[in-house]
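The values are calculated or read from the model by the stated rules, or taken from the named source; none is laboratory data. Treat the numbers as computed from the prediction; the structure is a model and nothing was measured. No Cβ is skipped: glycine too gets one built from the backbone with ideal geometry, and neighbour counts run over all protein chains shown. Accessible surface areas use protein heavy atoms only, side chains included; no ligands, DNA or RNA. Shrake-Rupley method; radii C 1.70, N 1.55, O 1.52, S 1.80 Å.
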Amino acid sequence: MMFKLNKYAIYLIILLFMAGCREGFNQINTDPRQPVDIKPGELLSTVITKTAYEWQNFAFMDHGGVAGRYITMVRNESMDKFNWGPMGWNEWYRRLSINRQLILKAGEHREPQYRVLGKILAVINYAYLTDLWGDIPYSEALLADEGYPNPKYDLQEFIYKDLIKTLDSCNNWLSTPLPAIDAQYDVLFHGDVIAWRRLANSLRLRLLLRCSQAYPEAAGIMKEMVSDEDRYPLILDRAADATVDYLGLTAENSWPGSDIANSNDEFDKRKPSKDLVDSLRDWEDPRLPILISPVNKTKNATIDTNLYVGVPNAIQDPFQYNGGNDHISHFAAAFNQAKSDLCKAVIFTNSETWFILAEISLRGWVDFRGMTTEALYKKAVTASMEYWGTAPGEKYFKKKPVKFDGTIRQLITQKWVSLLFNGDEGWMEHRRTGYPAFKLGPLAMQPSIPLRFMYPEDEILFNSAAYNQAKINMGGDGPNTKMWLIR
């Protein structure tokens, strides 16, 4: 009985306490650590790092490195053989959803500078999406709360032209007086407005060149941009590169090839491709020992007795190639570290700008500073080497495979090497030009590198009307369905 009386007394005390404190109940139950409102600057750093880190992960751990023929998978080789099914795009749209909040919060807080940066980051992510899939949800994407739970797929032509227009607008906005960008949250350029303008314009050149086969006006726009450097500043030196450092503290902020981000086994599965190693070796390239580790043993190698040996793609038992693991190269040790001076999350480098300028000069579309195409080519190659901490030297450009010969093949092959671990850019350049001319391997499930990803299964199930219309517009939903860019 005593126990029951005590229990009832406790209940009564609790009820009396709650009644007496009801007025302050909401204040007591509000967590002061959870902000009621998020400032746009706080969202900016999240969008930048998610865009850069996840795209770098795609380049090293996912399809970007394999489709670009930089990496050969020696175990779990289905990706290497192009055994691809429908591919999900949720990670891209999650980033874009956060970025949409950045843009909306910038409007609410009357901080237009963050709205402009959000627009640039949106272009980067939407460009990735349309490059990989073709027609995608764009104008109605992320608007379920506004009555678009099943967004239509916009045509790639519309998307690309709108992205190009948006980047031009962003450059113009940033050239006018705006409130300062908080360097604390700008983990890409630390509040440097000119750096953001350089990125917007360099990205615009990338997109214009990529769609130039389908968009006749592209050459004229590029000529206008290149002819007016004051109005259209570009990324032209190492200090201007758009890269994000790794912190190396958690899986999320560590280089994707490291033990923290992924197991050592995952790093060991990814070997340098024969295409990559042979190119660097044939050129006697100073980037070779920086990017690639020598084999453990040359003796008793069954095929290749060189110090640097890449593995061909899509072959039988690739792990046993050339006599096994001791007789094939790994990527350099830096690519197995959580952070290093060598490994950055890349969005855009000055080497790519110089290669774009070299190509459009070679095609006769522009004249940049009166420089010859050969001079632009050398500048591009040199910039790539400087990125990796080396230099070509005078003798390098006198070697037969490297000496400028005025061909797109040579230019794009060098550009391909420079784009190592830069998202899907190597793959996209091969898709656009056909160079380098890769040997796909005897076990490849198709005769050419896929042109695109197939649409996600969720779209087929839950957005079927829009998916079916996109399939009609695209002319199919296969890995070799041609999109507007490459028609």
Karplus (6.51, -1.76, 1.60) ³J(HN,Hα), θ = phi - 60°, over segment 48-58, in Hz, Gly and Pro reported as x: 4, 5, 5, 5, 5, 5, 6, 6, 5, 4, 4
If every alpha-carbon in segment 415-487 counts as one equal scatterer, what log10 I(q)/I(0) does Debye give at q = 0.22 1/Å? -1.04
Among 177, 71, 397, which residue has its Cα furthest toward the positive end of the charge dipole of the chain, with +1 on Lys/Arg Cβ and -1 on Asp/Glu Cβ? 397
Equivalent ellipsoid semi-axes, segment 266-337, via Cα gyration tensor eigenvalues times 5, rooted, Å: 17, 14, 12
For segment 311-368, shape from the Cα gyration tensor axes a ≥ b ≥ c, cut at a/c of 1.5 then a/b versus b/c, turns out oblate
Segment 254-390, accessible area per residue, ligands and nucleic acids excluded (1.4 Å, Å²): 37 Å²
Assigning unit charges at the beta carbon (Lys, Arg +1; Asp, Glu -1) and nothing else, what dipole magnitude in debye, to the nearest 20, does the chain show about its Cα centre? 540 debye
Quick one: ranking 202, 293, 263 by accessible area, 1.4 Å probe, largest first, what do you get? 263, 293, 202
For residue 331, enumerate residues with amide H under 5 Å from its amide H, sequence gap 5+ or separate chain, H modeled in the peptide plane. 293
Could you give me D for the chain, from Stokes-Einstein at 4 °C and 1.567 mPa s, where the hydrodynamic radius is the Kirkwood radius over C-alpha pairs? Units µm² s⁻¹, please. 53 µm²/s
Would you work out what percent of the accessible area of the chain, with all protein chains in place, is carbon or sulfur (probe 1.4 Å)? 53 percent
What full-extension length gain, to one decimal in nm, is calculated for residue 265 and residue 143 as 0.36 nm per residue of separation minus the Cα-Cα distance? 39.8 nm
If one puts a single equal scatterer on every Cα of segment 404-455 and applies the Debye formula without solvent, what log₁₀ I(q)/I(0) results at q = 0.25 Å⁻¹? -1.04
Quote the accessible area belonging to residue 386 in square angstrom, nearest 10, computed with a 1.4 Å probe and with ligands, DNA and RNA left uncounted. 100 Å²
Net charge of neighbours whose Cβ lies under 13 Å from the Cβ of residue 94, counting Lys and Arg as +1 and Asp and Glu as -1: +1
For the table 223/274; 119/152; 403/482; 297/378; 415/471; 223/471, the rows whose alpha-carbon distance is greater than 28 Å are 223/274; 403/482; 297/378; 415/471; 223/471
Given backbone amide H placed at 1.01 Å from N, residues whose amide H is under 5 Å from that of residue 454, ignoring those fewer than 5 places away on the same chain, are 87
For segment 302-316, what does the Karplus curve 6.51 cos²θ - 1.76 cosθ + 1.60, with θ = phi - 60°, yield as ³J(HN,Hα) per residue in whole Hz, taken in order and with x for Gly and Pro? 8, 10, 10, 9, 6, 6, 10, 9, x, 9, x, 7, 6, 10, 6
Rounded to whole Å, give me the distance from the Cα center of segment 381-451 to that of segment 299-373. 8 Å
How much solvent-accessible surface does residue 95 expose, in Å² to the nearest 10, with a 1.4 Å probe and all protein chains in place? 10 Å²
If the chain between residue 83 and residue 245 were fully stretched, how many nm would it gain, using 0.36 nm times the residue separation less the Cα-Cα distance? 55.0 nm
Give, in nm to one decimal, the length gained when the segment between residue 290 and residue 184 is fully stretched (0.36 nm per residue of separation minus the Cα-Cα distance). 34.9 nm
